[in-house]
Amino acid sequence: MRILAVYCHPLAGSYCAALRDRALQALRDGGHEVELLDLYAEGFDPVLSPQERSTYLADTAANLTAVQRHVDLLRWAEGLLFVFPTWFYGPPAMLKGWLERTWLPGVAFRVPARKGERAGAAGLQNIRWLGCITTSGAPWWWLVMMGDPGRRLFMRGLRALFARRCRTLWLQLFNMNNATEDERLRFLDRVGHRLSLVR
């Protein structure tokens with residue numbers, strides 16, 4: 001597959017960076033063509049400006065020019081991999097801003113033309129595999145009690161915009177703040193193994 005990996009963490013030497021590297025190596029060893037978007041490294045601006053908001057529906061083409069390379073990669077990809085930490089029950093603001101600025105009408109979905117019309121059709125039907133690798137300071141039971149909003153965003157909200165039979169993979173290291181070195185190494189191995197099985 002052609003896989004677009006979207007990575008989001010501000011620290012170059014973070015554990016998330018190790019997860020990213022292990023995942024990318026496994027995918028490339030599996031024969032996949034992988035492109036990496038490192039949002040912090042490239043200095044992506046996650047802020048939806050007043051001008052972009054005013055043209056969001058009225059003139060979407062105007063908003064495309066600022067993020068054209070990212071949109072082209074979304075349209076090129078057959079698989080999407082996100083690697084990020086879970087902060088305050090969801091992805092970092094940088095990643096959320098990337099979604100808001102690049103997953104535009106006519107790219108990721110179609111806005112209903114009139115009231116009562118069915119919700120917009122999935123615009124990224126080229127995506128047939130979705131993977132997410134994340135860490136969280138909270139234990140699993142706390143996130144479940146909170147409704148697991150981060151997982152729901154990716155596995156339900158975004159997944160609805162992809163191919164009908166899109167396969168998914170969610171890997172999360174819980175209780176990251178108290179994880180031992182052995183637990184972190186085991187999770188790295190798990191990421192490598194699961195990503196090596198992607199077809």
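All of the numbers you see were taken from the coordinates with simple rules; none came from a lab. Because the structure is predicted, anything quoted here is derived from the model rather than measured. Every residue, glycine among them, receives a Cβ derived from its backbone with ideal geometry; neighbour counts consider all protein chains shown.
Numbers below:
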{"item": "Residues located in segment 167-185, provided they are surrounded by 13 or more Cβ atoms within 10 Å (Cβ to Cβ) and either on the phi > 0 side of the Ramachandran plot or part of a helix (DSSP H, G or I) (or both)", "result": "Asn175, Met176, Glu183, Arg184"}
{"item": "Boolean, Leu143 is within 27 Å of Leu27 (Cα to Cα) and not basic (Lys, Arg)", "result": "no"}
{"item": "Candidate set from segment 137-186 (those that are among the polar types (S, T, N, Q) and closer than 14 Å to Pro85 by Cα); member that is nearest to the chain's Cα centre (by Cα)", "result": "Gln172"}
{"item": "Selection from segment 1-52 of residues that are among the small types (Gly, Ala, Ser) and farther than 25 Å from Asn63 by Cβ", "result": "Ala12, Gly13, Ser14, Ala17, Ala18, Ala23, Ala26, Gly30, Gly31"}
